[in-house]
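The values are calculated or read from the model by the stated rules, or taken from the named source; none is laboratory data. Predicted model only: the values in this text are computed from it and were never measured. Cβ placement follows ideal geometry from the backbone for every residue including glycine, while neighbour counts extend to all protein chains displayed.
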Amino acid sequence: MGKFERVLALPPERIPEHVAIILDGNGRWAERSHRLRAQGHHAGADNVETITYACMDMGIRYLTVYAFSTENWKRSKDEVSYLMLLLKQYLLKYKKTAIAKKIRVRVIGDLSGLSEDLRELVLDVEEATKDLTAFNLTFAINYGGRDELVRAVRGLVHDGVSEEEITENKISGSLDTAELPDPDLLIRTGGELRISNFLLWQCAYSEFYFTDILWPDFGEPDLENAILDYAGRERRFGGRKK
């Protein structure tokens, strides 16, 4: 059987357009492998690239990964410093790859909370890839779903939007993800059964897929299994079949 043959044999409407992933398990992977936590995060960063290309090969159009949450600042100073350095190194390296493969890169989250050099790098990568259309890769950095909603509402108030004018579409259009479709499938690795403040508004009708596999070990066959599981579900969006 050829690579991803089972997924590619599905009707197009059975393949999710947008997959979001909570990248959980880097630290535990390092512990189980008798390695440093930093090595676990590095392995996890490398796996983002692997899974991105697998998504592209399967016909998925959008991938959003939870890279650093607003709550992750509570981790040790050394670990946070390393994660910020890793994000900078990754974006610097990935810029050329994204351009070569025509991948548009976006970053969602509160950029004001990042260092000036990381913020400038984010804007540079977004600008350099803004017209690319082969795939859409979004990194959630200093992101929290509740924080995003607060920022969106404050933006509407600042713009003078009246109570009567506030609609679901208005709110959706004010979120960090305004240019993105809502996720069809949310995957969480690492065995935890929660969404940890990730895309709270956007995942109202997403399908959830939880796996015990730690993120650095989550490979192409595991992604394929998640897509096949999704394809077997009946999405009703609150309705019922007649």
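Is there a residue being in contact with a Phe, Trp or Tyr (Cβ under 7 Å, 6 or more places away or on another chain) and of a type in the set (D, E) anywhere in the range 72-84? Checking the range 72-84: not a single residue is in contact with a Phe, Trp or Tyr (Cβ under 7 Å, 6 or more places away or on another chain) and of a type in the set (D, E).
Considering (1) closer than 30 Å to I213 by Cβ; (2) of a type in the set (D, E, K, R); (3) in a loop (DSSP other than H, G, I, E, B), the lone condition that D147 does not fulfil carries the number (3). The residue that is farthest from I227 (Cα to Cα), among those in the range 170-206 that are in contact (Cβ under 8 Å) with a residue 40 or more places away in the chain and outside any loop (DSSP other than H, G, I, E, B), is R188. From (1) buried (at least 20 other Cβ atoms within 10 Å of the Cβ); (2) over 24 Å from L132 (Cα atoms); (3) modelled with pLDDT under 95, pick out the condition that doesn't hold for D78. The one condition D78 does not meet is (1). Only residues that are surrounded by fewer than 16 Cβ atoms within 10 Å (Cβ to Cβ), closer than 16 Å to W201 by Cα and among the basic types (K, R) were counted across the range 114-153, and they come to 1. Of the listed requirements (1) closer than 30 Å to R32 by Cβ; (2) among the acidic types (D, E); (3) in contact with a helix residue (DSSP H, G or I) (Cβ under 9 Å, 6 or more places away or on another chain); (4) exposed (fewer than 13 other Cβ atoms within 10 Å of the Cβ), E165 misses just one: (1).
For the range 127-169, give me each residue that is within 30 Å of A54 (Cα to Cα), among the hydroxyl-bearing types (S, T, Y) and free of Cβ contacts under 8 Å to residues at least 40 places away in the same chain.
Of the range 127-169, the ones within 30 Å of A54 (Cα to Cα) are 127-145, 148.
If we keep only those that are among the hydroxyl-bearing types (S, T, Y) as well, we get 129, 133, 138, 143.
Result: T129, T133.
Once the range 28-80 is narrowed to residues that are in contact with a helix residue (DSSP H, G or I) (Cβ under 8 Å, 6 or more places away or on another chain) and hydroxyl-bearing (S, T, Y), the residue that is nearest to L92 (Cα to Cα) is T50.
Listed here are the residues, each with its yes/no results for (1) touching a His at 6+ places or on another chain (Cβ under 7 Å); (2) within 22 Å of V105 (Cβ to Cβ).
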| site | (1), (2) |
| --- | --- |
| G160 | no, no |
| T177 | no, yes |
| P181 | yes, yes |
| R194 | no, no |
| E207 | no, no |
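Say we look at the range 1-32 and pick out the residues that are under 21 Å from P216 (Cβ atoms) and acidic (D, E); which of these is surrounded by the fewest Cβ atoms within 10 Å (Cβ to Cβ)? Among residues in the range 1-32 that are under 21 Å from P216 (Cβ atoms) and acidic (D, E), the one surrounded by the fewest Cβ atoms within 10 Å (Cβ to Cβ) is E31. What do you reckon, is I213 over 20 Å from F139 (Cα atoms), surrounded by 14 or more Cβ atoms within 10 Å (Cβ to Cβ), within 17 Å of the chain's Cα centre (by Cα) and of a type in the set (A, V, I, L, M)? When the stated conditions are applied, I213 does not pass them. When the range 1-54 is filtered for residues that are in a loop (DSSP other than H, G, I, E, B) and among the hydroxyl-bearing types (S, T, Y), only S33 remains. Take the conditions (1) touching a strand residue (DSSP E or B) at 6+ places or on another chain (Cβ under 8 Å); (2) closer than 22 Å to T50 by Cβ; L86 misses just one of them, which is (1).
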